[in-house]
Amino acid sequence: MRKDNRGITLVEIMVVIAIMAIVAGVGITGLNLVNGRPAQQCAQKIIYSLERHRTTAMSKVDASYTLEVQSSGKTVCVERVSNDRVSYTTTESEIGAKRVKLFYETADGSVVPMTAGMFITFQYDRSSGAFRSITASTGDEVARVIAKSGGREVKVRFVKITGKVYWDLD
């Protein structure tokens, strides 16, 4: 009796590696969605843009920073600078993926979801860098911004006296 011991062909190995790569890619994408990485990235972008705006606001006559959810579902940050005569938008950048849901927490602890057309305006005191006001389009005083994705929520906290911003996971 003769055995047929030809082994594995190169094509068979390539097919197996391709299938494993596809499965790994889908698994990593699913893991990112489950562990809430997009919410964390959104919170980091909010903090970065607020800190950058704080620096520029201290050198301008009057400046406000707006975090808004547009009608398309995109979350963007807009920096508006104005003086006595002119008002203009200096930057607009997307900070959150569509799968990230934003909320804000009011001073009394109630949590409000941000829907299309809603925004939060941040104003800094030019002399000290502290927050002058943080108000939502509904008129509420905002204590925190919350980004949620994949079962995880990341809270962006504001220290009004110093103008500092930081985040934590819950």
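Quick notes on this one:
- Solvent-accessible surface ranking, highest first, for 124, 48 at 1.4 angstrom: 48, 124
- Label-point gap, in nm, between residue 48 and residue 17 - each point 7 angstrom along Cα→Cβ: 3.4
- Computed from the C-beta positions of residue 137 and residue 103 and an R0 of 22 Å, the FRET efficiency is 0.95 to the nearest 0.05.
- Computed with a 1.4 Å probe on the full set of protein chains, the accessible area for residue 20 sits at about 120 Å².
- From phi via Karplus (6.51, -1.76, 1.60), per-residue ³J(HN,Hα) for the stretch 41-51 in Hz, x at Gly/Pro: 5, 4, 4, 5, 5, 4, 5, 4, 5, 5, 5
- The heavy atoms of residue 108 offer some 130 square angstrom of accessible surface to a 1.4 angstrom probe.
The values are calculated or read from the model by the stated rules, or taken from the named source; none is laboratory data. It should be emphasised that the depicted structure is a prediction, and the values quoted were computed from it without experimental measurement. Don't worry about glycine lacking a Cβ; one is built from the backbone with ideal geometry, like all the others, and counts go over all protein chains shown. Areas reflect the complete protein model, heavy atoms only, side chains present, ligands, DNA and RNA absent. Shrake-Rupley method; radii C 1.70, N 1.55, O 1.52, S 1.80 Å.
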